[in-house]
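Take a look at the structure below.
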């Protein structure tokens, strides 16, 4: 492969050169061997090559910061080269580029360090409201766990409740729960299996919502501006975070939450600033039935809906008198809830919608079917 005369290249030319970028960004071994040999033959070009290399590494998405030791080495190498300059080094183009580059990287490093330390010293969710407004127990004598691995991790709390914390999730909990309330703070995603204790409700706080349970299993997912609670078993009450803060500060005891039962979920709407209740995306079977229970032959469709309610723990709303002539002959074994519903509605010429965590069936009847 024929290469251009890199001795005449400026720092800017090098950063734009494809073969040079293969070496610095892609870590290509072939181009790396070439540049190592080229630098050995052209030692007087080392400074501009190092500046161009540092510039690309600093801006590279996969490696946005150089190690301080490497920055020092590059800077010292460039400074030492001033002994070979006929004009003062601080007046050279190389020095101006290196100084600007190191200032750019240095400011980025300082900013990142400051933000990291600031966030580490703040309660999770302090961007919304201080945890002092909710729970002093979470601002002193607490443990904060972060899952930095690529797999979910399981933690056992001292009340025997378990938490499966997903990657990048952060959980804060007191080293000793209070006598009347168990409180934790979550950022990210976690699945909770709470040990039942009616005398000590379990609260999960996030930036947007607060969830109260006595003993149940549920999944909470939080983002920068949204949050979702999905219930697997038991019952939970979900509140707007601001409402909980208001109740704690005013002590008016008028807190009213949105109650969820298995296979229901609530999502915090960022646009409407309210909680929206619905059915989970993939409802699970709560009460197993025989495999042949979903093989129907001229079965009243109302009986089918009753079986679905029993299996999934969800409420079906429909006009029974309007469906009295509707019968179903089909094999729905092995299908998910929504696949079952789609087939039922197609056969009976009906439709359904989910309203407030319930399934509403719309039908004009089957007399003329």
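Please treat every number below as a calculation from the coordinates, not as lab data. Note that the coordinates shown come from a computational prediction; the quantities given were computed from them, not determined experimentally. Cβ placement follows ideal geometry from the backbone for every residue including glycine, while neighbour counts extend to all protein chains displayed.
For this structure, a couple of remarks:
- Across segment 131-279, the volume of the C-alpha convex hull divided among the residues equals 109 Å³ per residue.
- Taking the convex hull of Cα positions in segment 291-362, its mean projected area over all directions (nm²): 4.3 nm²
- Model label zone, residue 303; criterion: amide N under 15 Å from point 7 Å along Cα-to-beta-carbon; scope segment 332-367: 332
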